[in-house]
Amino acid sequence: MTETNQNWTKEEILDIYNKPLMELIYEASKVHREHHDPLKIQVSKLISIKTGGCSEDCGYCPQAARYHTNIEKNDLMPVEEVLSKAADAKATGSSRVCMGAAWRNVQDGEDFEQVLEMVRGLSAMEMEVCCTLGMVTENQATRLAEAGLHYYNHNIDTSEEYYKDVISTRGFEDRIKTLENVRKSALKVCSGGIIGMGESDNDRIGMLMGLLALSNPPESIPINALVPVEGTPLEGQEIVPVWDVVRMIATTRIVFPKSTVRLSAGRTEISKEGQALCFMAGASSIFAGDKLLTTPNPGDNEDMQLFNILGLTPTEKKKDNTGKVKIRKNQPNAIEEEKWSRPGHTIERNLEATKKAKEIRRELKETN
Ligand code: SAM
Ligand code: DTB
Ligand code: SF4
């Protein structure tokens, strides 16, 4: 059995990434079959529990308040609404729910208590539960685990070098710190990135090196193809070629043999044949439903059709002990505040998009 080799060099991984594509897919497919059932697909449903109005300047994100994008903003969703959406998702084959919030970091208080309530409700529904809420402290991660959460998603997004060209309101080291906080709790780690943001192949491999440098490899690795959204600094990026998505998935599969690789955002731009190649290359998980957080996704009927064509069946919820973590007897009294960074360096295209948004808002105000 091939374990994750944490000593891969960047050159070795780049050589894998650059193999002739047919060879690469074959190698990745072999690794995939050693560790995973090639006919099973894990289906997760995303629920955006708090949408838009985010303080950060992530260049890819339609939910950043400073850019003018056409999304519907929403405060934190009521618990009952989340549970009802999850029940619908379970009925159409999802075994996991992933709740996303447009927050920089989790803040202790009413909203966090409401999220813990959602987690308790979902884990009682016999579904795996995942959250992506921004940066978290070790105590917050532990509280989420105690409430029944299984996974925490927090993407490193790209290489440490290219990260500085995309986001200025937090540092790469904050992402790593959060992932290590999550690792210290009983939660499983879900972390990956985005391709198609103008990064080089070197940066794509740099992202994998960033994941390899974690104390343990993530159990789940989402590979997102950028969805360029009008109004964001990356609105003009070309859709990343499907061949790059396949290469990235295959390389991730070989480097992290045991992790689940998820073909995440960007599927509406990938044909059924392209998605089939991604599954051959080792992807075995997707997000279901006609919406991701704010952008479109293929929808249940299309996915069912694809699964039938390919002979894939959705996996059931895993029967394991995670999500049933003992609640600490002695909760710490004084919770240490994490000091998250705010580098604030200049990213021209982020400033440009912010300026454009201000002008649009001014014009809209004048015409109303
Ligand atoms: N606010 C939290 C955070 O940043 O960790 C959670 C939500 S955030 C929207 C989750 C992830 O969605 C990001 O880390 C990024 O990888 C992905 N994402 C956001 N916008 C995207 C886009 N336009 N295309 C592809 N992936 C995107
Ligand atoms: C992940 O890696 N991709 C998902 C999930 N984790 C939270 C989010 C994709 C978001 C795409 C843009 C949007 O719909 O707003
Ligand atoms: Fe906010 Fe997360 Fe979007 Fe960044 S990716 S702007 S932190 S919601």
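The values are calculated or read from the model by the stated rules, or taken from the named source; none is laboratory data. All values derive from a computational prediction rather than experimental measurement. Cβ coordinates were reconstructed from backbone atoms using ideal geometry, including for glycine residues, and neighbour counts include every protein chain displayed.
Within the stretch 230-239, being of a type in the set (A, V, I, L, M) and either buried (at least 21 other Cβ atoms within 10 Å of the Cβ) or free of Cβ contacts under 8 Å to residues at least 40 places away in the same chain (or both) holds for one residue alone: L234. Out of the stretch 141-176, which residues are in contact with an Asp or Glu (Cβ under 7 Å, 6 or more places away or on another chain) and in a helix (DSSP H, G or I)? Result: E161, Y162, Y163, F172.
Among the residues of the stretch 200-235, the ones that are part of a loop (DSSP other than H, G, I, E, B), closer than 24 Å to N18 by Cβ and within 16 Å of ligand 3 (Cβ to nearest atom) come to 1 in all. Close Cβ contacts (under 6 Å, 6 or more residues apart or on different chains) running from residues in the stretch 87-105 that are at negative phi to residues that are part of a helix (DSSP H, G or I) and of a type in the set (A, V, I, L, M, F, W, C) comprise V97/A86; V97/L122.
Restricting the first member to the stretch 338-356 and to residues that are of a type in the set (A, V, I, L, M, F, W, C), and the second to residues that are surrounded by fewer than 16 Cβ atoms within 10 Å (Cβ to Cβ), the beta-carbon pairs closer than 8 Å and six or more apart or on different chains are I347/K164. Out of all the residues in the stretch 62-111, which are more than 11 Å from ligand 3 (Cβ to nearest atom) and part of a strand (DSSP E or B)? Of everything in the stretch 62-111, those that are more than 11 Å from ligand 3 (Cβ to nearest atom) and part of a strand (DSSP E or B) turn out to be N74, R96, V97, C98, M99. Out of G59, G52, one residue alone is within 16 Å of ligand 3 (Cβ to nearest atom), of a type outside the set (D, E, K, R), modelled with pLDDT of 95 or more and touching a helix residue (DSSP H, G or I) at 6+ places or on another chain (Cβ under 6 Å). It is G59. Considered as a group, the residues in the stretch 132-162 that are among the aromatic types (F, W, Y) and within 15 Å of ligand 2 (Cβ to nearest atom) include one that is farthest from the chain's Cα centre (by Cα), and that residue is Y151.
For (1) among the hydroxyl-bearing types (S, T, Y); (2) more than 30 Å from T315 (Cβ to Cβ); (3) surrounded by 21 or more Cβ atoms within 10 Å (Cβ to Cβ), each residue gets a yes or a no:
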| residue | (1), (2), (3) |
| --- | --- |
| S55 | yes, yes, no |
| G59 | no, yes, yes |
| Y67 | yes, yes, yes |
| V79 | no, no, no |
| K85 | no, no, no |
| Q107 | no, yes, no |
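The one condition from (1) within 16 Å of ligand 3 (Cβ to nearest atom); (2) at negative phi; (3) under 17 Å from the mean Cα position of the chain (by Cα) that V129 does not meet is (1). Residue count for the stretch 34-53 under the criterion of being more than 17 Å from K317 (Cα to Cα), away from ligand 2 (no atom under 14 Å from the Cβ) and part of a strand (DSSP E or B): the result is 0. Applying a threshold of 6 Å to beta carbon distances and a minimum spacing of six or more residues, or different chains, the list of pairs starting in the stretch 152-168 at a residue that is near ligand 1 (Cβ under 8 Å from one of its atoms) and ending at one that is part of a strand (DSSP E or B) and of a type in the set (A, V, I, L, M) reads D157/I194.
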